[in-house]
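The values are calculated or read from the model by the stated rules, or taken from the named source; none is laboratory data. Since the model is a prediction, treat every value here as computed from it, not as a measurement. Note that we place each Cβ from the backbone using ideal geometry, even for glycine, and neighbour counts take in every protein chain shown.
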Amino acid sequence: MTTAPAALSMAIARDLPALRREIAALRRRAASVALVPTMGALHDGHLSLIALARQAAEAVVVSIFVNPLQFGASEDLARYPRDEEGDLAALRAAGCDLAWLPTPEVMYPPGSATTVEVAGLSAPWEGVQRPGHFRGVATVCAKLFLQTGADVAVFGEKDWQQLAVIRRMVRDLDIPLRILRGPTMREPDGLAMSSRNRFLSPAERAAAALLPATLREVAAALRAGVAAAPMLQAAEARLRQGGLVPDYLALVEGETLQELEAARGDGTARLIVAARLGTVRLLDNLSV
Ligand code: PAF
C-alpha cells in the first residue's frame, strides 16, 4: 500500500452516540467533512479515495461496514475479507480523522423496517445478477450520509452502476451532499483493484488480466466508431476462451445505463463488464 503522512490522532466510533460526539468535535475544528464509505479490507484503491477526500474537505471520516443488506442469500457475506487491525493502521497512516465502525446491530437495530429503492437504475446489469443488492447499497449509504452529516462522499468509479444509483438517490432525496468519484486503481497488469481479488488462485490471478486487456481493446474499437454488438460478442467469446464467464459486457449511456448501439464520440458512454473467475466476480468499466 502507498503511505501518506500520519494523522496526529484518529478517533474511532462504534455506536451512534460516540459517532455524534466525534462528528460534533470534528465540526468544531473543520469547516467541511468528507465521508469515504467502505466495507474494509482496504487496498490502494480505497487509499486513493481517502486522498481525494482529504483534498475535498478539512476532515475525513471513513466507514467500515460489511453491509449484510447488500449480500444475497447465496453470496459471500461470511467469507468477505475482514481485517480491522490492518484497516485501522492503514486509516491512521492515510490521515483519516474518524473511523466509523458500526456493528450490524447498530446499523440495523431490531425492528428496522425502512429501505431505500432507486427504481430503474437498480434493475439492469448487477441488478439482474444480484437482486436486492442496490436496495442494500442505497439504504446503507443513505444511513451513512445521515449519520455522519458529511458534505462530500467519495466513491470509486470501479463500481460504475453503484455510483449511478447513489448519485440518483442523492438527487432524488435532496440529500445535501456532493458525490465525488475517484478513478479506478489498477494493478500493474491492468486488473482493477478489489478486496475480493485476494480470493483468486495464482492461475486465476494470471487469467484475470485478460479482462482489462479485452476492455481496453473493445473500448478503443468503439471509440473508432465500430458497431457495438459484433465487437461485444467477439469479446465475450474471447473472455470465455480465457476461462472467464461473462455475466454481461455492454456499452451503456453513462448516467442512465441504457444500452447503446455505438459510442457517441463525446466520452459519455461506458463499457461495463462483470465476469466470473472461479468463485470471484470481477467488475470493471471504461469511458468510451
Ligand atoms: O462499494 C462498497 O464498498 C460498498 O458497496 C459501500 C458503498 C461501502 C456500501 O456498503
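Return the pairs, sorted by first residue and then second, in which the second residue is crowded, with 23+ Cβ neighbours inside 10 Å and part of a strand (DSSP E or B), the first residue lies in the stretch 89-108 and is at positive phi, the beta carbons are less than 9 Å apart, and the residues are 6+ apart or on different chains.
From residues that are at positive phi, the pairs are Gly95/Val60.
Against the definition (more than 19 Å from the chain's Cα centre (by Cα) and at pLDDT below 95), how does Arg238 come out, yes or no?
no
Is it the case that Ala192 is loosely packed, with under 13 Cβ neighbours inside 10 Å and either touching a residue at least 12 places away in the same chain (Cβ under 8 Å) or of a type outside the set (S, T, N, Q) (or both)?
Judged against the criteria, Ala192 is not a match.
Of the residues in the stretch 37-83, how many are within 12 Å of the ligand (Cβ to nearest atom) and either over 15 Å from Gly136 (Cβ atoms) or hydroxyl-bearing (Ser, Thr, Tyr) (or both)?
13
Could you go through the stretch 220-243 and let me know if any residue there is without any contact (Cβ under 8 Å) to a residue 12 or more places away in the chain and touching a strand residue (DSSP E or B) at 6+ places or on another chain (Cβ under 8 Å).
Scanning the stretch 220-243 turns up at least one residue that is without any contact (Cβ under 8 Å) to a residue 12 or more places away in the chain and touching a strand residue (DSSP E or B) at 6+ places or on another chain (Cβ under 8 Å).
Between residues in the stretch 154-172 that are closer than 18 Å to Leu49 by Cα and touching a residue at least 12 places away in the same chain (Cβ under 8 Å) and residues that are within 10 Å of the ligand (Cβ to nearest atom) and of a type in the set (Ser, Thr, Tyr), which pairs lie under 9 Å by C-beta distance while being six or more apart or on different chains?
Lys158/Ser194
Could you tell me which residue of the stretch 116-170 is surrounded by the most Cβ atoms within 10 Å (Cβ to Cβ), considering only residues that are of a type in the set (Ser, Thr, Tyr) and under 18 Å from Met39 (Cβ atoms)?
Thr148
Does the stretch 143-151 include one or more residues that are in contact with a Leu (Cβ under 9 Å, 6 or more places away or on another chain) and within 10 Å of the ligand (Cβ to nearest atom)?
Scanning the stretch 143-151, I find at least one residue that is in contact with a Leu (Cβ under 9 Å, 6 or more places away or on another chain) and within 10 Å of the ligand (Cβ to nearest atom), so the answer is yes.
Within the stretch 115-142, track down each residue that is in a helix (DSSP H, G or I) and more than 10 Å from the ligand (Cβ to nearest atom).
If the condition is that a residue be in a helix (DSSP H, G or I) and more than 10 Å from the ligand (Cβ to nearest atom), then Glu126, Gly127, Val128, Gln129, Arg135, Ala142 are the ones that fit.
Run Ala31 past the list (1) away from the ligand (no atom under 16 Å from the Cβ); (2) assigned to a helix (DSSP H, G or I); (3) under 21 Å from Leu180 (Cα atoms) and report the number of the one that doesn't hold.
(2)
Among (1) assigned to a loop (DSSP other than H, G, I, E, B); (2) touching a Leu at 6+ places or on another chain (Cβ under 7 Å); (3) charged (D, E, K, R), where does Glu22 come up short?
(1) is the only condition that Glu22 fails.
Pick out the one residue from Ala274, Ala263 that is modelled with pLDDT under 95, touching a Leu at 6+ places or on another chain (Cβ under 7 Å) and not in a helix (DSSP H, G or I).
Checking each option against the conditions leaves just Ala263.
Filter the stretch 47-67 down to the residues that are in contact with a helix residue (DSSP H, G or I) (Cβ under 8 Å, 6 or more places away or on another chain), under 16 Å from Trp100 (Cβ atoms) and assigned to a helix (DSSP H, G or I) and list them by number.
Answer for the stretch 47-67, where residues must be in contact with a helix residue (DSSP H, G or I) (Cβ under 8 Å, 6 or more places away or on another chain), under 16 Å from Trp100 (Cβ atoms) and assigned to a helix (DSSP H, G or I): just Ile50.
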